[in-house]
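Since the structure comes first, as structure tokens, the remarks are kept for the end.
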Amino acid sequence: NFAPTSDYGVVADDNGISYTFNASNVNTIFWLVQDQQGIICGTQAGEWLVQASVLNNPLTPSNIQAHRVTKIGCANIEPRRGEHTLMFAQKHQRKVMEYFADVYSGKFSAPNLTEKAKHLTPAGIVELAYQQELAPVLWARLGDGSLIGVTYKRESLASSQGPNFAGWHRHALGSGRTIESICNGPSVGGDLDTLTMVTVDPVSGIRHVEL
């Protein structure tokens, strides 16, 4: 019920949680995503795992703990969950990281998905969208209004192995419009995924919704 500590100093399990991360610096939490091990928090200085002190217990004011598990650093961009991994933009907005816990060690790993595609991201990644069907594609909108994507799939959660495939591609709109927003959703018939874009004509300023 998010109640504060009682007048008698009693902290119940249904009270509100107030917790300060034990860090040497102060950074805003940009996003939070649920995970099997707890809640992953993305900040500019690194990624934190918030969980109960006893595995599989619910979070309460008396058993919450947070640990910085990696120091990649995140941009203020909502990450996207794929079939087995979380994908987020690194703090300089030039890289996309695939984030997952290694199946053997349990430690979080963040391989660079854009290791061979940094020539596509000089304008900076500003938005992500994940499309599962017909082919799994992570789309990225860039700061100049252009669109790139990576056809990506990973089956093994061993950090020593790369993804099954990760092929990058860029897309120029024949209309000459720039892209202002992207998201994933159902197709017109509802039986597939589709990328939905808001585009703007630089001459007339008229906006369009494109699938």
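The values are calculated or read from the model by the stated rules, or taken from the named source; none is laboratory data. Computed from a predicted structure; not experimentally measured. Cβ: placed from backbone, ideal geometry, glycine included. Neighbour counts: every protein chain shown. When the accessible area is computed, the model is the full protein with side chains, heavy atoms only, and any ligands, DNA or RNA have been set aside. Shrake-Rupley method; radii C 1.70, N 1.55, O 1.52, S 1.80 Å.
Within the accessible area of the stretch 84-211, the carbon and sulfur atoms contribute 51%, probe 1.4 Å, all protein chains present. Probing with 1.4 Å while keeping every protein chain in the model, the per residue accessible area of the stretch 78-157 equals 43 Å².
Relative contact order, percent, of the stretch 75-118 when contacts are C-alpha pairs under 8 Å separated by at least 6 residues? Let's see the in-between values first.
Details: 69 pairs, mean separation 12.0, N = 44.
Answer for the stretch 75-118 is 27 percent.
Can you compute the modelled spin-label distance between Asn1 and Gln36, with each label point 7 Å from Cα toward Cβ, in nm? The answer from the label model is 3.7 nm. A simple charge model with +1 on the Cβ of Lys and Arg, -1 on the Cβ of Asp and Glu and nothing else charged puts the dipole of the chain at about 820 debye relative to its Cα centre.
The stretch 157-211 and the stretch 1-68 have Cα centres lying 35 Å from one another. Length, then width, then depth: along the principal axes, the Cα atoms of the stretch 38-88 run 31, 26, 15 Å.
Can you give the net charge of the other residues whose Cβ lies under 11 Å from the Cβ of Thr60, counting K and R as +1 and D and E as -1?
Combined, the nearby Lys, Arg, Asp and Glu give -2.
Can you work out D for the stretch 1-139 in µm² s⁻¹ from Stokes-Einstein, where Rh is the Kirkwood radius over C-alpha pairs, the temperature is 20 °C and the viscosity is 1.002 mPa s? After rounding, the answer is 128 µm²/s.
Across the stretch 32-184, Cα pairs under 8 Å and at least six residues apart give a relative contact order of 14 percent. Volume of the convex hull of the stretch 98-151 (Cα atoms only), normalised per residue: 101 Å³.
Per residue, the stretch 23-72 exposes 57 Å² of solvent-accessible protein surface, assessed with a 1.4 angstrom probe and all protein chains in place.
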